[in-house]
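Each remark here refers to the structure printed beneath this line.
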Amino acid sequence: MWIEKKEKKYYINSAKANGLRIFYGDINEETITNIKRFIADIRKRYYFPIRCNIYFSNDTYYISNKDGHKFYGVFYDEMDCKKFTYPKIFVAANERKENPIVDIFFTLLHELTHYYQWYFKEDDHRTNRSLEIEANKWAGYLLHEWLSDKNDLKS
């Protein structure tokens with residue numbers, strides 16, 4: 001589902017901008033440094049054909065105003081809010097015992113999978129449950145792969 005850099009030529013389109021644009025809220029410098037490194041690795045491997053703005057906030061989680069449940073990230077396509085030019089992702093990035101950095105990375109990967117689902121119009125013909133299951137599987141797979149690569153470097 002994710003577009004690897006070597007496949008980029010098949011997905012170049014007329015979007016004014018592509019890639020990831022990152023914004024940091026009032027979070028600590030160590031967390032920002034870790035997020036920057038993680039995103040640098042993602043950018044080296046994957047292509048994002050339409051700009052996606054990602055906002056990291058100093059929250060441990062968000063609370064839904066619809067039903068009160070907790071969540072750690074959210075993806076909005078440009079149709080969710082007409083004032084957005086590009087899709088947006090919000091990630092709760094207050095690194096704490098109950099929200100460690102690997103969970104923040106997992107949330108980011110989960111929401112970026114929703115970005116690709118949106119790009120490939122998967123949400124037009126699939127249930128929300130199947131999209132969530134797929135996003136969790138991709139996030140788990142990619143995080144495991146990234147952690148394995150990091151452990152290989154330490155050996």
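The values are calculated or read from the model by the stated rules, or taken from the named source; none is laboratory data. What you are looking at is a predicted structure, and each value in this text was computed from that prediction instead of being measured. Positions of Cβ are backbone-derived with ideal geometry, glycine not excepted, and every protein chain shown enters the neighbour counts. With ligands, DNA and RNA removed, areas are computed over all heavy atoms of the protein, side chains included. Shrake-Rupley method; radii C 1.70, N 1.55, O 1.52, S 1.80 Å.
Taking the criterion of being outside any loop (DSSP other than H, G, I, E, B), under 23 Å from Ile50 (Cβ atoms) and either of a type in the set (Lys, Arg) or touching a Pro at 6+ places or on another chain (Cβ under 7 Å) (or both), the residues of the stretch 106-136 that qualify are Tyr115, Trp118, Tyr119. Does at least one position in the stretch 19-35 carry a residue that is within 15 Å of the chain's Cα centre (by Cα), in a strand (DSSP E or B) and hydroxyl-bearing (Ser, Thr, Tyr)? The answer is yes, given that some residue of the stretch 19-35 is within 15 Å of the chain's Cα centre (by Cα), in a strand (DSSP E or B) and hydroxyl-bearing (Ser, Thr, Tyr).
Specify which of the listed residues (Leu108, Leu112) is in contact with a Gly (Cβ under 8 Å, 6 or more places away or on another chain), of a type in the set (A, V, I, L, M, F, W, C) and closer than 19 Å to Glu4 by Cα. Lay out the reasoning, then the answer.
Working: Leu112 fails: in contact with a Gly (Cβ under 8 Å, 6 or more places away or on another chain).
Answer to the check: Leu108.
Being crowded, with 18+ Cβ neighbours inside 10 Å, closer than 22 Å to Lys5 by Cα and among the basic types (Lys, Arg) holds for only one residue in Lys88, Lys36, and it is Lys88.
Filter the stretch 103-155 down to the residues that are of a type in the set (A, V, I, L, M, F, W, C) and exposed (fewer than 13 other Cβ atoms within 10 Å of the Cβ), then identify the one that is farthest from the chain's Cα centre (by Cα).
First pass over the stretch 103-155, keeping only residues of a type in the set (A, V, I, L, M, F, W, C): 104-106, 108-109, 112, 118, 120, 131, 133, 135, 138-139, 142-143, 146-147, 153.
Now narrow it down to the ones that are exposed (fewer than 13 other Cβ atoms within 10 Å of the Cβ): 120, 133, 147, 153.
Numbers: Phe120: 16, Ile133: 15, Leu147: 17, Leu153: 24 Å.
Step by step, filter the stretch 103-155, then rank; the result is Leu153.
Within the stretch 58-68, one or more residues are closer than 28 Å to Glu95 by Cβ, touching a Phe, Trp or Tyr at 6+ places or on another chain (Cβ under 9 Å) and without any contact (Cβ under 8 Å) to a residue 24 or more places away in the chain. Residues in the stretch 40-57 that are without any contact (Cβ under 8 Å) to a residue 40 or more places away in the chain, surrounded by 13 or more Cβ atoms within 10 Å (Cβ to Cβ) and not aromatic (Phe, Trp, Tyr): Arg43, Arg51, Asn53, Ser57. Residues in the stretch 71-85 that are open to solvent by 60 Å² or more (accessible area, probe 1.4 Å) and either within 21 Å of Lys137 (Cα to Cα) or modelled with pLDDT of 95 or more (or both): Tyr72, Tyr76. Name the residue that is farthest from Gln117 (Cα to Cα), counting only residues in the stretch 1-18 that are surrounded by 12 or more Cβ atoms within 10 Å (Cβ to Cβ) and at pLDDT 95 or above. The residue in question is Ile3.
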